[in-house]
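The values are calculated or read from the model by the stated rules, or taken from the named source; none is laboratory data. Note that the structure is predicted; figures quoted are calculated from it, not measured. Because the Cβ atoms are built from the backbone with ideal geometry, glycine has one as well, and the counts that use them run over all protein chains shown. SASA here: full protein model, heavy atoms, side chains in, ligands and nucleic acids out. Shrake-Rupley method; radii C 1.70, N 1.55, O 1.52, S 1.80 Å.
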Amino acid sequence: MQRHIGMQRLKKLSSDGLRGLSKSLPFSKNKEEPSGNKVKDLQQFFVKVSFIMPAMTLLILLTGYPLFQVIQMSFYDYTDKANPVFAGLANYSHFIVDPLFWNALKNTVIFTFTSVLLGLTAGMTFALLLNQPINSKFRGVFRALLMFPWLTSSTVVAAIFMLMFNPFGLVNYLLKGIGLETISQTAWLSNETTALFAVIIANVWRGFPFMMLMILASLQTISHDLYEAADIDGAGFFQKLFYITIPQIKNIILTVAVLEFIWNFRSFDLVFLMTGGGPVNSTEILSTYVYHYAFRTLDFGYASATAIFMLMIMIVISSLYIRASIRKERA
């Protein structure tokens, strides 16, 4: 009898020990805990979604639906405005045979790349000047003055430069003052050769403060020890610029360049206000080209197809930039 009771106690102790051991093992967890964690994670997910849902809904209504409409319209022929006819890829194939499209694309490329290069040069130059050890009060005043063009509306900028590039404006007056009599007679915005150049100058003046501000912020993160070591080694200004400054801020420069490329590629207001795409389509860019077909000839299908073409180019550029950024982060 006692032997039987002892065996039962031994079995109970062994079963209790095995159960405790199974609970202590890393691969033998309570099955109720994961389900509880999953429910908690799901609740947190829905809470996060509920916070962003109003903004996402507004974004879809204001961006997604119009984009869908433009894509749909690009496949229709709007010769009969009341009854548009499905045209397939006819609007897209029209790019190949339209010389005005290729002229607008060429002007857009020139306008975009020249604006980005000149803007980066100006922004880098003024950022380097403001990064010098000068009085903080004067630095703040200069920074505020240099930010003025970026804060000015496109309408005001267009009016200022239209007056400056007028045949009797400030530009010709200064050229005449330094003895360039023949050039001082130029009607800058009415000349096919100089109109695009004049618009680019106005666009660079308006856009360079953003690049200056971003580059200046990145310059202030560079350790002064690097420059002190370079001074000890006898490095000059350009050696420090190309071997210390630019390598340290190259990511910011790339980011700013991509943003400026996208903004300038889809630029419309300044060109439209200053020249309207003229004279003789010499400043016609893709955005004014789309406006012309959409609101003057009322060819909504072809204008939509051109707008989708512009969107695809910007998506490709943005994707390449994002892909390069991800590779750098992983490296």
Open to solvent by 30 Å² or more (accessible area, probe 1.4 Å) and not hydroxyl-bearing (Ser, Thr, Tyr): does that describe Ile200?
no
Given Ile253, Ile232, which one is within 28 Å of Ile326 (Cα to Cα) and not basic (Lys, Arg)?
Ile253
Name the helices (runs of 4 or more DSSP H) wholly inside the stretch 212-323 in which the number of residues that are in contact (Cβ under 8 Å) with a residue 12 or more places away in the chain is 2 or more.
224-232, 246-265, 269-274, 286-295
Any residue in the stretch 89-104 that is open to solvent by 80 Å² or more (accessible area, probe 1.4 Å), among the hydrophobic types (A, V, I, L, M, F, W, C), within 26 Å of the chain's Cα centre (by Cα) and closer than 30 Å to Tyr227 by Cα?
no
I need a count of the residues in the stretch 54-83 that are modelled with pLDDT under 90 and either in contact with a Gly (Cβ under 7 Å, 6 or more places away or on another chain) or among the acidic types (Asp, Glu) (or both).
2
Condition first: among the aromatic types (Phe, Trp, Tyr) and within 24 Å of Ala90 (Cα to Cα). Now tell me which residues in the stretch 257-305 satisfy that.
Tyr289, Tyr291, Tyr293, Phe295, Phe300, Tyr302
Could you grab me the full set of residues in the stretch 148-161 that are open to solvent by 80 Å² or more (accessible area, probe 1.4 Å) and either at positive phi or touching a helix residue (DSSP H, G or I) at 6+ places or on another chain (Cβ under 7 Å) (or both)?
Trp150, Thr155
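For (1) over 14 Å from Leu219 (Cβ atoms); (2) open to solvent by 70 Å² or more (accessible area, probe 1.4 Å); (3) without any contact (Cβ under 8 Å) to a residue 24 or more places away in the chain; (4) of a type in the set (Ser, Thr, Tyr), each residue gets a yes or a no:
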| site | (1), (2), (3), (4) |
| --- | --- |
| Asn107 | yes, no, no, no |
| Leu118 | yes, yes, no, no |
| Thr121 | yes, yes, yes, yes |
| Phe138 | yes, yes, yes, no |
| Val141 | yes, yes, yes, no |
| Leu146 | yes, no, no, no |
Just give me the residues in the stretch 88-99 being in a helix (DSSP H, G or I) and under 17 Å from Ile308 (Cα atoms), in sequence order.
Ala90, Asn91, Tyr92, Ser93, His94, Phe95, Ile96
Within the stretch 233-267, work out how many residues are farther than 30 Å from Tyr291 by Cβ, surrounded by 15 or more Cβ atoms within 10 Å (Cβ to Cβ) and either touching a strand residue (DSSP E or B) at 6+ places or on another chain (Cβ under 8 Å) or aromatic (Phe, Trp, Tyr) (or both).
0
